[in-house]
Amino acid sequence: MKGPSPENIKAVFDTYYSVDIKFWVEFAKVVERRSFAKNEIVKAYDKTEKFINILVSGSVGHFVPYQHKDICINLYYENQLFSDYLSFISQRPTVIKTECLEDTELWSVSHQNLQELYAKSDRSLLIGKAISDIMFTAKQSEQINLLTLSPTERYQKLITERPYIFQRTPLKIIASYLGIAPESLSRIRKKIS
């Protein structure tokens, strides 16, 4: 299946890192389309991440195991980049699982193809920098929110920034993502409504 055009990829990255279209031409050649069904595992626990992904449609979550439960540590929706980035960089397994929460289409570039791009041109390193910056910025923001905001404040921020999440994601996963029990989320929602 043919991959996305350089223009499509540039449109996704422009929000974070606006550069000339020529930077995306070679990158687009190694991007592949991948499709997954709802509840399908993109990357299993204790496996190595092989891809950086752009989420074209659908949604996915990152989960870690804790006391026989899946704890949601990240949620991703259209036009977001995601990967188990620690595993991707180190090419070692981690405890993070990536699971589709809806039918999902991805544009993915493999670790091997990205390394080959870097070897071909210094200009490709700018793409790597953009990916790294996007991943770091998202993770840092989430950590700050988790450590500095109360559960109610995290919920309100989620409603403001991503209101669609409540129509598309089960409440038990949202509660896990917010770091609270489902019952606590129900109480917060009743209090604010």
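The values are calculated or read from the model by the stated rules, or taken from the named source; none is laboratory data. Since we're looking at a predicted model, the values are computed, not measured. Here the Cβ positions follow ideal geometry from the backbone for every residue, glycine too, while neighbour counts run over all protein chains shown. Surface accessibility is based on the protein's heavy atoms, side chains included, excluding ligands, DNA and RNA. Shrake-Rupley method; radii C 1.70, N 1.55, O 1.52, S 1.80 Å.
Below is a table of values for the structure above.
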read-out	value
Filter result (in a loop (DSSP other than H, G, I, E, B), touching a Gly at 6+ places or on another chain (Cβ under 9 Å) and modelled with pLDDT of 95 or more) within the range 78-112	Leu101, Glu102, Asp103
Answer from Ile173, Ile188 - the residue that is open to solvent by less than 70 Å² (accessible area, probe 1.4 Å) and closer than 18 Å to Cys100 by Cβ	Ile173
Any hit, the range 93-106, residues being surrounded by fewer than 17 Cβ atoms within 10 Å (Cβ to Cβ), β-branched (Val, Ile, Thr) and under 19 Å from the mean Cα position of the chain (by Cα)	yes
Strands (runs of 3 or more DSSP E) (entirely within the range 1-61) containing at least 3 residues that are surrounded by fewer than 17 Cβ atoms within 10 Å (Cβ to Cβ)	32-36
Count of the range 140-163 residues which are open to solvent by less than 80 Å² (accessible area, probe 1.4 Å), assigned to a helix (DSSP H, G or I) and of a type outside the set (S, T, N, Q)	7
The range 103-115 residues that are under 17 Å from Leu125 (Cα atoms), paired with ones that are open to solvent by 50 Å² or more (accessible area, probe 1.4 Å) and among the hydrophobic types (A, V, I, L, M, F, W, C) (beta carbon under 9 Å, 6 or more apart)	His111/Ile89
